[in-house]
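The values are calculated or read from the model by the stated rules, or taken from the named source; none is laboratory data. All values reported here derive from a predicted model rather than from experimental measurement. Glycine gets a Cβ as well: all are built from the backbone with ideal geometry, and neighbour counts include every protein chain shown. Side chains are part of the model used for accessible areas, which takes the heavy atoms of the whole protein and leaves out ligands, DNA and RNA. Shrake-Rupley method; radii C 1.70, N 1.55, O 1.52, S 1.80 Å.
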Amino acid sequence: MEGMMKTKKSRIEFEYEGKAYTLEYTADSLRKMQERGFDVSTAENKLLTLAEDLFCGAFIANHDDTDIQLRREIFKEFSYTAENDDTGTKIEAAIMAMFKEACEELRSHRGNVKWRIAN
């Protein structure tokens, strides 16, 4: 792992009831979301709960021990836009953008291993 460049990815940082949280997605957390039943192919059928489900999934990387009910409570308490964002990005859009970014990273290839098709 030494010498491997890490890509800079989006995170959401906040405090809730005196505890600091950092929400993000990793390849491992995306796999865990899928193992736990999250299915992106059905997302368009769950538009009313999609942002909340993605928000709850973003806890897996750093705060997987946080109870699901607390995750949902925190989501409901979030302000609509970030305090340092003058563009008016809503929390739902930020979460969905983070998820998309992580999915693209998961599917990307570094290109360090050369390969060929053998006959």
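Annotations
- FRET efficiency for the pair T22 and S108, taken as 1/(1 + (r/R0)^6) with r the Cβ-Cβ distance and R0 = 35 Å, rounds to 0.95.
- The chain, relative contact order [Cα under 8 Å, separation at least 6], %: 28
- Charged-residue dipole, Cβ positions (Lys, Arg, Asp, Glu), the chain about Cα centre, Debye nearest 20: 800
- Farthest positive-ward along the chain dipole, Cα basis, beta-carbon charges - from H109, S10, M33: H109
- Per residue solvent-accessible surface (Å²) - the stretch 1-94, probe of 1.4 Å: 72
- Lys pairs under 21 Å by Cα in the stretch 23-119, provided they are eight or more residues apart or on distinct chains: 7
- For the chain, convex hull of alpha carbons as volume per residue, Å³: 177
- For a label point 7 Å along the Cα-to-beta-carbon line of K76, residues of the stretch 34-58 with backbone N under 15 Å: 49, 52-53, 56
- With a simple spin-label model that places each label point 7 Å from the Cα along the Cα-to-Cβ direction, the separation between E44 and I68 comes to 2.6 nm.
- The accessible surface of the stretch 6-118, taken with every protein chain in place and a 1.4 Å probe, is 49 percent carbon and sulfur.
- Among 87-100, 15-28, sorting by the average number of other beta carbon atoms lying within 10 angstrom of each residue, highest first, gives 87-100, 15-28.
- Magnitude of the charge dipole, the stretch 37-102, Cβ model with Lys/Arg +1 and Asp/Glu -1, debye to 20: 160
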